[in-house]
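Working notes, beginning with the structure itself.
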Amino acid sequence: MHRLFVAIRPPPAIRVRLLGLMHGIAGARWQDDDQLHLTLRFVGEVDRPQADDLADALGHIRFSPFEIALSGVGCFDRKGQVHTLWAGVQPRDPLAQLHRKVDRACVRIGLPPDNRSYLPHITLARFGRTAGPMEPFMALHAALASAPFTVDEFALYESQPGQTGSTYHMIERYGVQDHPYPRSG
């Protein structure tokens with residue numbers, strides 16, 4: 001089985017900026033450079049034939065390049081317990097449109113639709129049961145912003161869980177060109 005997701009990889013300057021923020025919260029499991037991405041659609045576990053079908057279906061998605069920028073920070077919690085700290089991006093509309101196209105490609109190959117509301121973000125840290133206070137970090141980085149960067153490709157990734165967190169491997173990239181890039185492994 002293959003645990004897959006579809007995402008946008010931020011450019012190096014944006015990743016360096018985000019990595020520079022990652023400190024100051026006890027108990028945080030900060031993401032490393034290889035883990036920084038903006039998820040378009042979590043796919044989950046699929047077998048090899050369905051993974052191949054998905055790789056092919058994603059190659060038929062057409063979109064025009066668009067610009068986004070970092071915009072603030074936030075967190076997700078469950079029952080008052082924060083489990084994820086993230087950096088936001090704006091504008092959300094072009095990302096939501098691309099998310100819908102990716103979701104339709106998933107549905108066409110037999111996967112269930114993604115019925116969760118889509119909030120584009122880049123995960124900065126994950127937390128277990130204990131985490132230090134986040135208010136100082138949130139206040140310090142509330143106005144996080146960046147110069148706009150162009151989104152002209154997305155990729156299909158495989159996630160492999162490990163002792164120190166998941167490792168992500170790019171399976172295939174898809175650009176605004178007529179055909180996907182060659183398989184990268």
### Message
If the requirement is being touching a helix residue (DSSP H, G or I) at 6+ places or on another chain (Cβ under 6 Å) and touching a residue at least 40 places away in the same chain (Cβ under 8 Å), which of these qualifies: Val82, Val73, Val46?
### Response
Val73
### Summary
Within the range 147-168, of all residues that are modelled with pLDDT under 95 and open to solvent by 60 Å² or more (accessible area, probe 1.4 Å), the one farthest from the chain's Cα centre (by Cα) is Gln163
### Task
Please go through the range 172-185 and pick out each residue that is at pLDDT 95 or above and open to solvent by less than 40 Å² (accessible area, probe 1.4 Å).
Glu172, Tyr174
## Note on the structure
Sole miss for Pro94 among (1) under 19 Å from His2 (Cβ atoms); (2) buried (at least 16 other Cβ atoms within 10 Å of the Cβ); (3) out of contact with any His (no Cβ under 9 Å at 6 or more places or on another chain) is condition (1)
### Message
Could you go through the range 80-87 and let me know if any residue there is at pLDDT 95 or above, outside any loop (DSSP other than H, G, I, E, B) and surrounded by fewer than 16 Cβ atoms within 10 Å (Cβ to Cβ).
### Response
no
### Query
Here are some residues: Arg3, Arg17, Arg29, Arg41. Which one is at negative phi, in contact (Cβ under 8 Å) with a residue 40 or more places away in the chain, open to solvent by less than 70 Å² (accessible area, probe 1.4 Å) and not in a loop (DSSP other than H, G, I, E, B)?
Arg41
### Task
Working only within the range 127-146, note down all residues that are touching a Leu at 6+ places or on another chain (Cβ under 8 Å) and either in a strand (DSSP E or B) or open to solvent by 60 Å² or more (accessible area, probe 1.4 Å) (or both).
Phe127, Ala145
### In the range 104-140, the residues that are under 14 Å from the mean Cα position of the chain (by Cα) and over 19 Å from Ile14 (Cβ atoms)
Tyr118, Arg126
### Message
I'm told Arg116 meets every condition in (1) at pLDDT below 95; (2) in a loop (DSSP other than H, G, I, E, B); (3) over 27 Å from Gln50 (Cα atoms) except one. Can you identify the failing condition by its number?
### Response
(3)
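The values are calculated or read from the model by the stated rules, or taken from the named source; none is laboratory data. Treat the numbers as computed from the prediction; the structure is a model and nothing was measured. Positions of Cβ are backbone-derived with ideal geometry, glycine not excepted, and every protein chain shown enters the neighbour counts. The area values use the complete protein model at the heavy-atom level, side chains included, leaving out ligands, DNA and RNA. Shrake-Rupley method; radii C 1.70, N 1.55, O 1.52, S 1.80 Å.
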